[in-house]
């Protein structure tokens, strides 16, 4: 499917009109949305695709089939995190993987992507433990789990 066909499909699934989508995109006209959906105009720029995806509440890879392999569930959390801060994942037909920065593009390997995922997870665990220590008086241990761990240790 084309980007335009994906925009239309997702927009309709969300019970949104072209006019409503245009308004969510800062006042774009219904006609502009229609031109993209009917493929009568060049695909929107990547930055606009990100805005459209955010307005529709989906990852940008759901609009852009060239990113189809990134639709695998394992990539969605990282992709959503990157999109929230203005970055996207992409690849080309030669198998090169890219991170699209707001001001350029960086080629990375699948190992780099996996390391980034691991670092995000590690940082989140670190920050959660930091919150627990900072708000120690508000932490309530799960007695059942504590008892199960005690049994397992024996």
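The values are calculated or read from the model by the stated rules, or taken from the named source; none is laboratory data. Note that this is a predicted model, so its numbers are computed, not measured. Positions of Cβ are generated from backbone atoms using ideal geometry, with glycine treated the same way; all protein chains shown enter the neighbour counts.
What the table below lists for this structure:
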| read-out | value |
| --- | --- |
| Region 109-128 - residue that is surrounded by fewer than 12 Cβ atoms within 10 Å (Cβ to Cβ) and within 17 Å of residue 90 (Cα to Cα) and, of those, modelled with the lowest pLDDT | 110 |
| Subset tally (residues that are part of a helix (DSSP H, G or I) and at pLDDT 85 or above) for region 13-48 | 17 |
| Pair list, Cβ under 7 Å, 6 or more apart: region 115-140 residue more than 17 Å from residue 78 (Cα to Cα), other residue not in a helix (DSSP H, G or I) | 132/139 |
| Unique match (being at negative phi, modelled with pLDDT of 90 or more and either surrounded by fewer than 10 Cβ atoms within 10 Å (Cβ to Cβ) or outside any strand (DSSP E or B) (or both)) among 132, 149 | 132 |
| Hey, residue 105 in contact with a helix residue (DSSP H, G or I) (Cβ under 6 Å, 6 or more places away or on another chain), closer than 21 Å to residue 120 by Cα, modelled with pLDDT of 75 or more and surrounded by 11 or more Cβ atoms within 10 Å (Cβ to Cβ) or not | no |
| Pair list, Cβ under 6 Å, 6 or more apart: region 79-92 residue modelled with pLDDT under 80, other residue surrounded by 15 or more Cβ atoms within 10 Å (Cβ to Cβ) and outside any helix (DSSP H, G or I) | 90/98; 90/100; 91/97 |
